[in-house]
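Computed from the coordinates by the stated procedures, all read-outs in this text should not be read as laboratory data. Treat the numbers as computed from the prediction; the structure is a model and nothing was measured. Note that we place each Cβ from the backbone using ideal geometry, even for glycine, and neighbour counts take in every protein chain shown.
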Amino acid sequence: MGFGTNGGKRAGRPSKETILQRDLAELGSDLRKAPKSLLLQHMLFWDQKFEQAKACIARLEPKEAKFIEPEEMTILVRARSMLEEASERVVEIANAAAQFYHPKLAAVQVQAEVEHKFVLRAPEVIEDSQEWLNEATKLIEGNLQ
């Protein structure tokens, strides 16, 4: 992906969605819609199924204890299973569509080199260990006073 000198998208460069739609058109596919719109269409479909099942249950479910015809009982059971399936599907699709509306904040590693500068004062090299011990003793005693 190319960026201009000012950090923005290069002028005339098509968006990712345009590129996707062009590629799908070249394949001759009917899937020319973006994934986001497909997910929203499926979510609306299952939301309608949910509302239909809820209305069917409200219509058929007895308000008081009474006998229900076997055909009505079958429809009621199917409506309850459709209600459960529709609610699960709506939640799944909403979870999948969330990435288009609420992008995750990704941690980005900084590639920076830190240069530490310091000055070290090294003493002169003393070859005799006894002489070194005498010098070190003088320094230690001098710092203690």
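For SER37 and ILE75, FRET efficiency with R0 = 25 Å and r from the beta-carbon atoms, rounded to 0.05? Efficiency, from the Cβ-Cβ distance: 0.15.
Rounded to the nearest whole Hz, the Karplus-based 3J(HN,Hα) values (6.51 cos²θ - 1.76 cosθ + 1.60, θ = phi - 60°) of segment 58-64 follow the sequence 5, 6, 8, 5, x, 6, 9, with x at glycine and proline. Shown in residue order for segment 73-79 are the 3J(HN,Hα) couplings computed by the Karplus curve 6.51 cos²θ - 1.76 cosθ + 1.60 at θ = phi - 60°: 5, 4, 4, 5, 5, 5, 5 Hz (x for Gly and Pro).
Positive contributions from Lys and Arg (+1) and negative ones from Asp and Glu (-1), summed over other residues with Cβ under 9 Å from the Cβ of LYS49, come out at -2.
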